[in-house]
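For reference, the structure discussed in these notes is given below.
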There are 2 protein chains.
Amino acid sequence: MKKYRNFPMVPKVVFGQGSFDQLGEILLTKRKHSDAPMIFLVDDVFEGTPLIDRIPLIFNDHVIFISAEEEPKTVQVDALVHKIKNDFNDLPSGIIGIGGGTVLDLAKAISIMLTSKGHASDYQGWDLVQTPSLYHVGIPTISGTGAEVSRTTVLLGPDKKLGINSDYTTFDQVLLDPDLTRGVPKNQWFYTGMDCFIHCVESLTGTYLNAFSQSYGEKAMELCKEVYLGDLMPCEARDKLMMASWHGGMSIAYSQVGVAHAMSYGLSYVLGVKHGIGNCLVFQHLEEFYPKGVETFKQMMHKHDIKLPMGICTELSETDLDTMINVSLGMKPLWENALGKEWRNVATPEKLKSIYSKI
Amino acid sequence: MKKYRNFPMVPKVVFGQGSFDQLGEILLTKRKHSDAPMIFLVDDVFEGTPLIDRIPLIFNDHVIFISAEEEPKTVQVDALVHKIKNDFNDLPSGIIGIGGGTVLDLAKAISIMLTSKGHASDYQGWDLVQTPSLYHVGIPTISGTGAEVSRTTVLLGPDKKLGINSDYTTFDQVLLDPDLTRGVPKNQWFYTGMDCFIHCVESLTGTYLNAFSQSYGEKAMELCKEVYLGDLMPCEARDKLMMASWHGGMSIAYSQVGVAHAMSYGLSYVLGVKHGIGNCLVFQHLEEFYPKGVETFKQMMHKHDIKLPMGICTELSETDLDTMINVSLGMKPLWENALGKEWRNVATPEKLKSIYSKI
């Protein structure tokens, strides 16, 4: 008998321009008592901006600024959990992530590790979390990763880049305010949006696909095309890209990502390349696997005059290149989704080496 | 400051052909103790069919067969709640609805009324429920109503047809098994699917629409067109219509239905006309409000050789016709969504009378 995943959806969602101002009211019913703070993890690009004054701080609530310069790490989660436990006598009432994929993934991981023993790296994998996480809220300030809706938090660990995939990872509340994505720099807007576009290409061409994931993936892809190839007003484009990210994340429910994500994981692990740009760096060379998707991607690059950096892997040592290849080939479900059960016949170390060497 | 709804989504969903056989495992973790039964409300078309043997009954679990011949009523909810409280010493562990919109709406309402005082009719309206409902699961066996995903349960009360709209109405778990929709008779398949199609037309042309609801509505509409105008394999059509219903229901999150639903409510209230066919009976005469939607609807009718009954309202007394018009005009948010704040200038009693008289 085929077994289907019982997929956890975000149980509460607000969508709307300016909806950030409803955050205080939303959190009010979730406050345990005045000594149990709400902890706000905020992307440090917002430090000193008016957004900070709109954060509804009361009692001993606390803001922690997070740099999104680097991919989130398991040791970073452990350190933040240690700090929160040290700084407060009581467990927080909740964790609120305000930022991109890095901040959202950290918020998810911290909410898990505040109620689970051991280290974050102990839980990298599938369904290893046994204890319900703390109440946690996701507020994206850039669109594309799908982190707001997924049941994973992808972390760089001591020996792998892998998600904590569990039902307790999913946010309890998401607030989608497209106005928060106003100031995103163009390159980052492009790379992060492409994370969504590439999700969709990988999901829709994957062997795991079913009608549930297909319907979300198709809608997300359509929205990406409207945003990156159409001619929308900026406000409409922000709205639609936020929905693209949401549906793109949902499309992974019964599907998986594929070759671009598997190879991008290797790139992040060895070189610390950020996820969004990493996907783009790999994806441009994947015509063999995703001919139509790569063609559309190149049209989008052209339209927005995006120049990807080159020569990223040229000076890599053989050892580093081998590590990169091994990390990537370790992502079995991604390869199986992309190429079927016999994926090892196609995705050979030589094939990966030839692709990485072009980057 | 504009206020947006904090929309409750179904927190757990399984999708897949044959996924019904996972129900036992899903319910296991939700059983309070052996004296707190799971109560299965099942459409009586399934009485004596193999599906009944697949219901995972243990301990003192109980099946109640429900006729879906008539629209669900508040007095029926009260009677079922009374029976369940009488028959068992303990509150049930959960209520599982297996059927179409009628059965799903009853399951939702019963799960509310098992923990709320008074009568179901006391809660018809918006956000009147104060106590969390009992754990409840929705398993649709026909696609189109969106009842599986909505935050309402629409009931005929002593003086109105109106939903119990609340965050506690939403199912805790939905199981989407397209195989369960195999035996649906053609007319019913059409009328119920059109409930979804008409939802989408009303939502997408409404004044309440935003990008969240639009993206769901567009996808649901696209899937309806594939199913009713395309050339799909039966199995694929079942999958896609189930997803159309899901997305169509979600599209109401930040939107509303419109003229067809408002007028169909009047038809149900006075004549007991079922919701699906009622929508079709009204919608065919709404070219003035929804020109493109009505055109597509007529193509679908033609392709599937559907003949709608005629002369439904010809022998109505003036009093009944007035009641019908008043019930319909009482659905203020629907009219406002369809026609804007000045809707009363267009939706006059005379206008409604002229439309009803064609039905």
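The values are calculated or read from the model by the stated rules, or taken from the named source; none is laboratory data. Just so you know, these numbers come straight off a predicted model, no measurement behind them. Note that we place each Cβ from the backbone using ideal geometry, even for glycine, and neighbour counts take in every protein chain shown. Accessible surface is based on the protein model in full, side chains and every heavy atom, while ligands, DNA and RNA are left aside. Shrake-Rupley method; radii C 1.70, N 1.55, O 1.52, S 1.80 Å.
Answer yes or no: is there a residue in the stretch B:117-137 that is within 30 Å of B:K225 (Cβ to Cβ) and open to solvent by less than 10 Å² (accessible area, probe 1.4 Å).
No: zero hits.
Is it the case that B:I64 is more than 14 Å from chain A (Cβ to nearest Cβ), within 18 Å of B:G100 (Cβ to Cβ), surrounded by fewer than 17 Cβ atoms within 10 Å (Cβ to Cβ) and modelled with pLDDT of 95 or more? Walk me through it before giving the result.
On the way: more than 14 Å from chain A (Cβ to nearest Cβ): yes; within 18 Å of B:G100 (Cβ to Cβ): yes; surrounded by fewer than 17 Cβ atoms within 10 Å (Cβ to Cβ): no; modelled with pLDDT of 95 or more: yes.
Spelling it out, it is not the case that B:I64 is more than 14 Å from chain A (Cβ to nearest Cβ), within 18 Å of B:G100 (Cβ to Cβ), surrounded by fewer than 17 Cβ atoms within 10 Å (Cβ to Cβ) and modelled with pLDDT of 95 or more.
Residues being closer than 16 Å to A:M242 by Cα and without any contact (Cβ under 8 Å) to a residue 12 or more places away in the chain: count how many of those fall in the stretch A:95-149.
Within the stretch A:95-149, residues that are closer than 16 Å to A:M242 by Cα and without any contact (Cβ under 8 Å) to a residue 12 or more places away in the chain number 0.
Within the stretch A:28-39, identify whether any single residue is open to solvent by 10 Å² or more (accessible area, probe 1.4 Å), within 11 Å of chain B (Cβ to nearest Cβ), part of a loop (DSSP other than H, G, I, E, B) and touching a Leu at 6+ places or on another chain (Cβ under 9 Å), and answer yes or no.
Initially, the stretch A:28-39 is screened for residues open to solvent by 10 Å² or more (accessible area, probe 1.4 Å), giving A:28-35.
Pick out the ones that are also within 11 Å of chain B (Cβ to nearest Cβ) and you get A:29.
Among the residues that remain, those that are also part of a loop (DSSP other than H, G, I, E, B) are: A:29.
Okay, now just the ones that are also touching a Leu at 6+ places or on another chain (Cβ under 9 Å), so none.
No, that holds for no residue.
Is the stretch B:12-25 home to any residue that is within 30 Å of A:Q17 (Cβ to Cβ), open to solvent by less than 20 Å² (accessible area, probe 1.4 Å), assigned to a loop (DSSP other than H, G, I, E, B) and facing chain A (nearest Cβ under 7 Å)?
No - not one qualifying residue is present in the stretch B:12-25.
Specify the residue that is modelled with the lowest pLDDT; the eligible residues are those in the stretch A:155-186 that are of a type in the set (K, R) and in a loop (DSSP other than H, G, I, E, B). Working first, answer last.
Of all residues in the stretch A:155-186, those of a type in the set (K, R) come to A:160-161, A:182, A:186.
Filter again for in a loop (DSSP other than H, G, I, E, B), leaving A:160, A:182.
On the way: A:K160: 83, A:R182: 96.
Out of the qualifying residues, it is A:K160.
So, in the stretch B:228-274, exactly how many residues are surrounded by 21 or more Cβ atoms within 10 Å (Cβ to Cβ), out of contact with any Ser or Thr (no Cβ under 8 Å at 6 or more places or on another chain) and charged (D, E, K, R)?
Total satisfying the criteria: 1.
Any residue in the stretch A:296-312 that is farther than 20 Å from A:L267 by Cβ sitting within a Cβ distance under 6 Å of a residue that is part of a helix (DSSP H, G or I)? List the pairs, counting only those 6 or more apart or interchain.
That search, which allows pairs on different chains as well, returns A:M300/A:Y228; A:H304/A:F190.
Do we find that B:Y254 is out of contact with any Cys (no Cβ under 8 Å at 6 or more places or on another chain), within 14 Å of another protein chain (Cβ to nearest Cβ) and assigned to a loop (DSSP other than H, G, I, E, B) in this structure?
yes
Which numbered condition in (1) under 23 Å from A:D167 (Cβ atoms); (2) without any contact (Cβ under 8 Å) to a residue 24 or more places away in the chain is the only one that A:G248 fails?
Going through the list (1) under 23 Å from A:D167 (Cβ atoms); (2) without any contact (Cβ under 8 Å) to a residue 24 or more places away in the chain, A:G248 breaks only (2).
As an exercise: evaluate A:R54 against (1) more than 14 Å from chain B (Cβ to nearest Cβ); (2) charged (D, E, K, R); (3) in contact (Cβ under 8 Å) with a residue 12 or more places away in the chain and give the number of the one condition it does not meet.
Going through (1) more than 14 Å from chain B (Cβ to nearest Cβ); (2) charged (D, E, K, R); (3) in contact (Cβ under 8 Å) with a residue 12 or more places away in the chain one by one, A:R54 breaks only (1).
How do the pairs read when you match residues in the stretch B:31-44 that are assigned by TED's automatic domain parsing to the domain that holds B:K85 and farther than 12 Å from B:H136 by Cα with residues anywhere that are open to solvent by 60 Å² or more (accessible area, probe 1.4 Å) and in a strand (DSSP E or B), using Cβ under 9 Å and keeping only pairs 6 or more apart or on different chains?
B:P37/B:H62; B:V42/B:F65; B:D43/B:F65; B:D44/B:F65
Identify, by number, the condition in (1) farther than 18 Å from A:E71 by Cβ; (2) in a loop (DSSP other than H, G, I, E, B); (3) away from chain B (no Cβ under 14 Å) that A:T152 doesn't meet.
(1)
Within the stretch B:108-134, count every residue that is part of a helix (DSSP H, G or I) and either charged (D, E, K, R) or in contact with a Phe, Trp or Tyr (Cβ under 7 Å, 6 or more places away or on another chain) (or both).
Count: 3.
Quick check on the stretch A:233-240. Is at least one of its residues within 8 Å of another protein chain (Cβ to nearest Cβ), within 20 Å of the chain's Cα centre (by Cα), assigned to a helix (DSSP H, G or I) and not polar (S, T, N, Q)?
Checked against the condition, which is being within 8 Å of another protein chain (Cβ to nearest Cβ), within 20 Å of the chain's Cα centre (by Cα), assigned to a helix (DSSP H, G or I) and not polar (S, T, N, Q), the stretch A:233-240 yields at least one hit.
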